[in-house]
Each structure stands twice: as C-alpha cells, then as structure tokens.
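Only one structure is covered here, and it is reproduced in the block below.
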Amino acid sequence: MEGRLTKLALKGDQRAFAELVELYKDKIYHLAYRMLNNRHEAEDIVQETFLRVYRNLDRYDDKQKFSTWIYRIGTNLCIDRLRKRKPTYSLDAEMNDQEGIDGYSMIPSDNVTPETELLLSETQRVIYEAIDSLPVKYRSVMILRYLQDLSLQEISDVLGMPVTTIKTRVHRGREFLRKKLGPKM
Amino acid sequence: MECKLAVSLMHDYLDDDLPELQQRELKEHLLSCPDCRAKFKELEQTDMLMFSLMHQNAVASDDLVSRIMDSLPKPKKERAFITWIKRHPALTAASVFLLVMLMSSVTFWNQDQQLVVRGSDLDQVVIQGDTVIVPSGKTITGNLTVENGKTQVYGEVNGNVTVIDGTLYKASTAHISGQVKSIDQAVSWLWYKVTNMFSEVAYR
Ligand SMILES: [Zn+2]
C-alpha cells in the first residue's frame, strides 16, 4: 500500500502523501518523543522527516519496505539532534519529561479504572526513565525494537548496521533496563 | 551449561531467535539453577513491560498533519496538468488540449472578477469604472465581448455582442447587426468557450 501511495505522491498527488503522513506520523512522533524526550522537538522531527521523505520520493526504492526507509530518516534526525545537544540540555529535557509522562501525552489503549491507570502511569514513568537513561546507541535500538516492534533484521536495515551488532545492543540494552527496573518489579 | 551461556541464550530466546534444541537445553539449566531462573523472570518481565509500551500511543498535536502538508514545497500549477496527462496516456493530444482549455476556463471563471473587454474596434468604446459604453453616433466594426461588467449600447455594432457575467442595456438608438449573447453561468461559459474554440479552429 505504501508503495502505491509513494508512486501517487511522486506524481504530485497531495492526498496520497497526506495518507502516508496519517499512516506514519504517530509512529515517528512516538519514536522521536521517546528519543528526545521533548514534545516540540519531536514534532519538529516529524515535520522534518516528512519533508525529507517528500523531497526524496524519487529516490525511494520500493524493493525496501517504506517503514524501514522512513524510520531510518526519522531515527537519523533524532540521533543528529541528540549529538548537537549541549550536555546541559539533556537535564532540561529530563525536567520537561516529568510533565510529559504524567499522563496527558499518553493514552492507554484499553479502558482502565483510575487505580490501574495510576499504576500504569507509574510503571510507565519508571520504564520511560529507564529508557531515557540508556546511552543513545542503545536507546535507538531499544525504541525501534519495542516501541516500533521491528525485527532485528529490520532494525539492522534501518540503522545500516550488521544484525550481530543490533543483537548485542538489544542484549545489553535489555540487561541495562533489567537492572534499572529490577528492584521495582 | 554455564550460567554465562545460559544468559546469552535467554536473550536469544526473548529475541525469538533460539532454535528448539537449545531452548530445551536452556530449560534444563533453568530447572536446575535458581539464580538463572530469577534472572530469566526479570528479563522476561522487562521484555513484557517494554512491549506493553507499544500500545501507549504518544499523541502529536492535532494540527501536525496540516502543518506538515503546508510545509511541503508546492508543485507549480502547470505541473498538475502534466502529471494528469502522464497518468492518462490513452487520451489523444486533441482531447487533452480540449480538457486543458476547459480546465483553464473554469479557473478563469472562478477567479477572474476583473473587467475584460475584447473586440476589434475598441477605441470607439468608452469605459467608465466597470461600465462599457458604445456611445450614440459611434460605430464598432467587429465583435465586442465584455466580461464582468455592465454594457450599454447607444450606437452601432457591426458584429456580435457577448456579455459574460454582466448586464446589457440596449438603448432604442442601438443597432447590433450580429447576435447578442448574454452568458451568466459557468456551464454556459464553458459551452461558449468550447463552441468558440471549435469555430475558431474551423475558420483557420
Ligand atoms: Zn545458572
């Protein structure tokens, strides 16, 4: 379906492109929000990602999955942005995050009672804190693996790294999170 | 099995990447080693918690889509026609030409509210604001077309008078030798364009 939409978009069909935006905006936003921990920056990344997709539609090779392609663009933009950040900035970002997790940015998918909701949001907070404390190179892998549910092979395609490297990073990332979450589980 | 190897296999297992034979070996070790069993439970829970996050959707601002669409570089107007034609290669050149003409007529009709006066003998007419006057005693040789304006004829027109989206006043002194047409709607305007185009083509 994405292949068809990209072809239409390339021919100037704005509605086809809008459909692609609808399909992927939340996924890219989720990815960027977890990577950067900042709502505004995440929206910037989403916008920039789609702009790049639009500009490079003619270079999209439909032998590869569209999702792989757009995740690569989005992830690279996030990594670039993290690199450009001054060390002090991440402290601000962590402060910003407190407000973010407290609820209104997250919508639970199931109907839950207020009590479980509280518990859920508390668990979420702990997990997100743990993810945010991961070094960047592990963070991108773990977010792609879990938040986007990509296979190891797909992550390797997105990041342009061998599967063995991805595997090692997932293992180390999971160990890291286990240690962070361990006492709370 | 050493505990170190067992841990590595646990990760492979969670990655859905452990062959069945080794799964059985891992299971045997877990049954005999409480430390690894505890560790496996923690890793499995970490895994489940992480996956559960997938179903918590971060929600972007409502206007994000429109902001994205607005930020895209706008394709030029002509390009729309070109892409349209490319998408319908079966159309003959003539019908495409006709279609493009029709389409440009529609935009013309929608957008252009300006007074347009066309004719072969225009120095005889007087234009006051949006009113086009053929004064009494004057003679226009040829057709006169007025768009988006009031037309008042007191003199003589040796040709057709066409009024598009406007009014026509014919004084008792007026004399028009050709046809008088008043066109008010987009549809008839299109029809006018089309018939005009054909007659133009026919006369060439
Ligand atoms: Zn053991």
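The values are calculated or read from the model by the stated rules, or taken from the named source; none is laboratory data. All of these numbers come straight from a predicted model, not from anything done at the bench. Reconstructed Cβ throughout: ideal geometry from the backbone, glycine too, with neighbour counts over all protein chains shown.
Points worth noting:
- Test: residue in region A:138-159 that is touching a residue at least 24 places away in the same chain (Cβ under 8 Å), more than 9 Å from chain B (Cβ to nearest Cβ), surrounded by fewer than 17 Cβ atoms within 10 Å (Cβ to Cβ) and outside any helix (DSSP H, G or I): no
- Residue in region B:44-56 that is more than 52 Å from the chain's Cα centre (by Cα), part of a helix (DSSP H, G or I) and within 16 Å of the ligand (Cβ to nearest atom) present: no
- Among the residues of region B:5-39, those that are away from every other protein chain (no Cβ under 13 Å), more than 10 Å from the ligand (Cβ to nearest atom), free of Cβ contacts under 8 Å to residues at least 24 places away in the same chain and not aliphatic (A, V, I, L, M) comprise B:Pro19, B:Glu20, B:Gln22, B:Gln23, B:Arg24, B:Lys27.
- Any hit, region A:112-126, residues being more than 8 Å from every other protein chain (Cβ to nearest Cβ), modelled with pLDDT under 75 and in contact with a Phe, Trp or Tyr (Cβ under 6 Å, 6 or more places away or on another chain): no
- Answer residue from region A:160-173, given it is under 17 Å from the mean Cα position of the chain (by Cα) and part of a helix (DSSP H, G or I) and is nearest to the other protein chains (Cβ to nearest Cβ) among those: A:Val170
This table checks each residue for (1) modelled with pLDDT under 90; (2) surrounded by 15 or more Cβ atoms within 10 Å (Cβ to Cβ).
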site	(1), (2)
A:Ala9	yes, yes
A:Leu20	no, yes
A:Arg39	yes, yes
A:Gln47	no, yes
A:Thr88	yes, no
A:Ile101	yes, yes
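- Looking at region B:117-180, none of the strands (runs of 3 or more DSSP E) lying wholly inside it contains 1 or more residues that are among the acidic types (Asp, Glu) and surrounded by fewer than 17 Cβ atoms within 10 Å (Cβ to Cβ).
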